[in-house]
Each structure stands twice: as structure tokens, then as C-alpha cells.
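Chemist: Take a look at this one; I'll ask things after.
The values are calculated or read from the model by the stated rules, or taken from the named source; none is laboratory data. These figures come from a predicted structure and were not determined experimentally. Don't worry about glycine lacking a Cβ; one is built from the backbone with ideal geometry, like all the others, and counts go over all protein chains shown. For the accessible areas, the whole protein counts, side chains as well, though only heavy atoms, and no ligand, DNA or RNA atoms are used. Shrake-Rupley method; radii C 1.70, N 1.55, O 1.52, S 1.80 Å.
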Amino acid sequence: MTPVTLLGLCSAALAGLGLYGMVTHPHPLRKILAFNLFGSGVFLLFGVVARRGAAADLGGDPVLQALTITGLVVAFAATALAVALLLRFFDATGTATLAPAADHDADSGNP
Amino acid sequence: MVVLLLVIAVFAITVRSTFAAVIAFAAYGLLVAVAWVRLQAVDVALTEAAIGSGLTGVLLLGAAARLRATDQPPRPERTAPGLRASAAGVSAAVAAALGAAVWFLPEPAPTLAPAAVASIDSTGLGNPVTAVLMAYRAADTLLEKIVLVLAVVGVWSLAPDRAWGGRPGTLYRPDADGVLSFFARVLPPFGVVIGIYLMWTAADHPGGAFPGGTILAAMWVLAMMAGLADAPPVSSVSLRWLVLAGPVVFSAVGFLGMAIADAFLAYPVAFAKPLIVAIEIPMLLSIAVMLGMLLAGVPQRR
């Protein structure tokens, strides 16, 4: 197994870890963080594929690398918007929980 | 390296304190930047260190500080064990599918590198990644700027009525002898030079308008946090023009391409390099202003 393949398996694990955190964490900020972790795992997968596509005297496929740079920026824009929404929600309600106010229906997901 | 990445990621997901998780995430971002260098993608590494670790870290840290009171909710919210187990199952399945995709990647690997290199000569650029961003796949880069503009508009429109069109964040009282104030006076001259250099050098070496713009934005936010400069009101016309300068010039050059070359965003070979520089300079300004305003957040006061 080459180091690049190992890093590829690692990024697959990171994506799975991020997905798990996104689903299970009750705190919205932790969900945003886990979503970023999920994204970074996917970006690293791109990096692994780009590295394998090394040709024409380049260390990797520049098209995939450029797409990743674009992806990083879009991920940051989405994160900034999500954090702004969360803080505004906190200002408006004084709480940062996504749990419905009434407890009796919390499990079925209905308010 | 792989082990360290996984350990920090597990820590960031499982640790109780939100603060510790955010700091672990920033450290994780720096490690990912090192992984990008190992993958021979120095341009991506610079962007990851600047945006993925730096800006996202600062953004999450600021939010964690604001939300500190909610860190230990009075009635701890627990995720049901059943949901937890099924989430673990689904996540493991996704990770296994991605891992299998890596394991069974086709051999030899498909690549667009020769196609990208073939189009480099017509741009006058020496860095293939910049050539892809500015010429080969310029439409992606233009749309990404528009996503940034939309994010800025979105953040600004979250302002409460009393602060509509106002200034983001709190006004910091400068502490003239404080260490922050010292750094905010000493660092910006260097930061501005380094930021512009990163943009300029990207033509032939790793760099780019994004790492450069991030450093400029960081200098601006540093001055705002030290109380040396107040955040501008978001209704300011000059601020809005600065936000739009990059995308507007980029689209204008794109439409110009329909007239003087043969397609939208095509550059005539003789003027490719000057046109790309003409796009990059306003772009650097717009990126710096947009990232700074995204960090500053929702308008809070007039």
C-alpha cells in the first residue's frame, strides 16, 4: 500500500467521522464543525486522486487542485453564513439548541 | 501523520467542551495543510492554511466565545442511543464506500494534466494551478466569487431592524499599551506586502489571490479588534463597490472575451497575461474585503 493510498483511506475515515459528528452532536456549532471535517475529508480524497493523476511533469492534476481551492472558499462562505445564522438565532432566542420547545414529541421529530 | 490526523479529528468530534473542539479543529486544519504539501499541492496547502485552518478557526472560535453560556445546557441534550448507533452505522458505511473507491481507483489514473499544460502556453502563466483557475476553468472561479458575494449579502441581511445597514461587531476600546494594539500597528505593513506578493507570485509559483486576500483580511480584522479602525457600516457605497469590484471586472473581461476573442471568458493570446493581472488586482481587494466582512459578521449597531 503506497502512502498516497493510505492517506486516501484516512480521508475516507475523516469523512465518515465528520458525518457521524454532524448527525449526533446536539450543539449546532459542533454540527458546523463536524460538517467542515466531513468536507475536508472529501477535499483530501480529491487531493489523493489529483496526486495519482500526476503527469506532464506536474506533481498532480492541476484541474482537481484548482477545483479544491474553489471548494475550500465555497465551504468557508457557507460556514460563515451558517455561523451568522446561528448567532442571530442565539440573539433572538437566548438559546442555541435545536431541540423543539415541547419535549413530549421530541423523538418523533414533530414540534 | 495519518495517525495524528485521525487522533485530532476524533478528539474534535468527541471532546465535551466546544472550545477545545474548535481549537482542535484549527490544529487539524494546519495538519491537513501539511498533508496537501505531501500531496504535491502547495497552492491548495496555502489556501487550506489560510482559509480552512485560519479563517474558519477564528470564525468558530468567535462563535464559541459568544455561545459559551450554552456549552453546559441545564438539561443536557442527549442523542438517543438508537440514533447514535444508526448514525455510526451509516457513517461507517459511507467511510467504507469512500475507502473502497480509493482502493479500487482505476490504473493508470485518468488525468487532465496534459490538457491543462497544453493550454498554459496561451496564458503567459507559469503556475498550472493558477492557469486552470484563471483560464481553463475560469467560469468556476467567477461563480465562486459570486457565491462569496451572496454569502456577504446573506450575512448582512441577518441584521436586526435597529441595526439595518449598520456596523458589524462591537466597538473595541483600544488599549494603547496592550499587546494586541502593538501587533495591530507592527504587523499590517508586512502583512499587506506579503498578501500582495502572494497574489503576484501566483503567476509562476505557488500562491494565489485567496491566500493573499486572506492575509490582507486578517490585517484588517486585527486592526478592528485592536480598536484602531472601526468596521464600516454595511450601507457604505464605497464598501459595496469594493465587494463588487472583483466580480464586476471579472465578468466584464469575460464579456469582452465574446467581442475580442471567441467565447465568454476567453482571452486573446496577445493580451492574456495583462488581462489576468487586471482581473486579479481588483479580485484581491474584493476577496480581502469580503472575507473581512464575513469574519466581522452580522451588523449589530448603527
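Chemist: Classify chain B as rounded, prolate or oblate from the Cα gyration tensor: take a ≥ b ≥ c as the square roots of its eigenvalues, call it rounded if a/c is under 1.5, otherwise prolate when a/b beats b/c and oblate if not. Before the final figure, lay out each step's value.
Modeler: Numbers: a/c = 1.81, a/b = 1.13, b/c = 1.61.
Oblate shape, in that a/c is at least 1.5 and b/c is the bigger or equal ratio.
Chemist: Tell me, what ³J(HN,Hα) does each residue in segment A:20-25 have, in order and in whole Hz, if you take phi through Karplus 6.51 cos²θ - 1.76 cosθ + 1.60 with θ = phi - 60° and put x for Gly and Pro?
Modeler: Going residue by residue, I get 4, x, 5, 6, 8, 6 Hz, with x marking Gly and Pro.
Chemist: Could you do me a favour and compute the accessible area per residue for chain A, 1.4 Å probe, result in Å²? Could the numbers behind the result be given before it?
Modeler: Values: 4300 Å² over 111 residues.
That works out to 39 Å² per residue.
Chemist: Another one. Using θ = phi - 60° and the Karplus relation 6.51 cos²θ - 1.76 cosθ + 1.60, list the HN-Hα couplings for segment B:282-287 in order, rounded to whole Hz, with x at every Gly or Pro.
Modeler: x, 4, 4, 4, 4, 4
Chemist: Now for a separate question. If you add up the charges near B:I13, with Lys and Arg at +1 and Asp and Glu at -1, over every other residue whose beta carbon is less than 15 angstrom from its beta carbon, what do you get? Spell out each step's value before the answer.
Modeler: Values: positive: A:R30, A:K31, B:R16, B:R84; negative: none.
Its environment carries a net charge of +4.
Chemist: Let me make sure I get this right: for the protein assembly as shown, a, b and c are the square roots of the gyration tensor eigenvalues over alpha carbons, sorted descending. Under 1.5 in a/c it's rounded, otherwise prolate if a/b > b/c, else oblate. Which is it?
Modeler: Details: a/c = 1.84, a/b = 1.15, b/c = 1.60.
It is oblate, given that a/c is not under 1.5 and a/b is not larger than b/c.
Chemist: Another question, if that's okay. Calculate the mean, over all residues of peptide B:204-210, of how many other protein chain Cβ atoms lie within 10 angstrom of the residue's Cβ. Don't skip to the end; give the middle numbers.
Modeler: Working: counts 0, 0, 0, 0, 2, 1, 5.
The mean count of partner-chain Cβ atoms within 10 Å per residue comes to 1.
Chemist: Let me ask something else. Per residue of segment B:104-117, what does 6.51 cos²θ - 1.76 cosθ + 1.60 with θ = phi - 60° give for ³J(HN,Hα)? Whole Hz please, x for Gly and Pro, Karplus curve as stated.
Modeler: 9, 4, x, 10, x, 5, x, 8, 9, 4, x, 5, 5, 5
Chemist: Just tell me how shielded A:29-35 is by partners: mean number of partner chain Cβ atoms within 10 Å of each residue's Cβ, no decimals. Mind showing how you got there, number by number?
Modeler: Working: counts 10, 9, 0, 4, 12, 5, 0.
Neighbouring Cβ atoms belonging to other protein chains average 6 per residue here.
Chemist: Also, quick follow-up: List the residues, sorted by chain then number, that are 5 or more residues from B:Q300 or on another chain and whose placed amide H is less than 5 Å from its amide H.
Modeler: For B:Q300, whose amide H was placed from the backbone, the distant partners under 5 Å are B:R167, B:G169.
Chemist: Another question, if that's okay. At 7 Å along Cα-to-Cβ for each site, give me the label-to-label distance between B:V186 and B:R162 in nm.
Modeler: Spacing of the two 7 Å Cα→Cβ label points: 4.0 nm.
Chemist: Nearest 100 Å², what total accessible surface is buried between chain A and chain B (probe 1.4 Å)? Can you show the working numbers first?
Modeler: Values: alone 7840 and 17680 Å², together 18530 Å².
Counting protein atoms only, the buried area is about 7000 Å².
Chemist: Let me ask something else about it. B:A118 to B:V58: FRET efficiency via 1/(1 + (r/R0)^6), r the Cβ-Cβ distance, R0 56 Å, to the nearest 0.05?
Modeler: Numbers: r = 40 Å, r/R0 = 0.72.
Rounded to the nearest 0.05, the efficiency is 0.90.
Chemist: Once you order the gyration tensor axes a ≥ b ≥ c over the Cα atoms, which shape class does segment B:186-302 get: rounded for a/c under 1.5, otherwise prolate or oblate by comparing a/b with b/c? Please list the in-between numbers first.
Modeler: On the way: a/c = 3.59, a/b = 1.62, b/c = 2.21.
Judged from the Cα gyration tensor, segment B:186-302 comes out oblate (a/c at least 1.5, b/c at or above a/b).
Chemist: Return the FRET efficiency for the residue pair B:L4, A:T5: r is the Cβ-Cβ distance, R0 is 22 Å, and the value is rounded to the nearest 0.05. Could you put the intermediate results ahead of the total?
Modeler: On the way: r = 18 Å, r/R0 = 0.82.
Step by step, r from the Cβ atoms, then E = 0.75.
Chemist: Listed highest first by mean packing, meaning other Cβ atoms within 10 Å per residue, what order do B:286-292, B:128-134, B:231-237 come in?
Modeler: Numbers: B:286-292: 25.9, B:128-134: 28.4, B:231-237: 16.4.
Descending packing order for the listed peptides: B:128-134, B:286-292, B:231-237.
Chemist: I would also like to ask the following. Can you give the average number of partner chain beta-carbon atoms within 10 Å of each beta-carbon in peptide A:86-94, as a whole number? Spell out each step's value before the answer.
Modeler: Numbers: counts 3, 9, 6, 1, 5, 5, 2, 0, 2.
Per residue, the average neighbour count from other chains is 4.
Chemist: Stretched out fully, how many nm does the piece from B:W241 to B:F264 gain, at 0.36 nm a residue minus the Cα gap? Could you put the intermediate results ahead of the total?
Modeler: On the way: separation 23, 0.36 × 23 = 8.28 nm, distance 2.34 nm.
Full extension of this stretch gives 5.9 nm more.
Chemist: At a Förster distance of 22 Å, what's the computed FRET efficiency of B:F11 paired with B:R38, Cβ-Cβ distance as r, to 0.05?
Modeler: Details: r = 21 Å, r/R0 = 0.97.
According to the calculation, E is roughly 0.55.
Chemist: Summarise the accessible area of the protein assembly as shown (1.4 Å probe, protein heavy atoms) by the percent that is carbon and sulfur. Let's see the in-between values first.
Modeler: Details: 13110 of 18530 Å².
Carbon-and-sulfur percentage of accessible area, whole number: 71.
Chemist: So how much slack lies between B:A65 and B:I194, counting 0.36 nm per residue of separation and subtracting their Cα-Cα distance, in nm? Walk me through the numbers on the way to the answer.
Modeler: Details: separation 129, 0.36 × 129 = 46.44 nm, distance 2.98 nm.
Contour length minus Cα-Cα distance gives 43.5 nm.
Chemist: Something else now. Which distance in nm do the two modelled labels at B:A96 and B:I146 give, with both placed 7 Å along the Cα-to-Cβ direction?
Modeler: 4.2 nm
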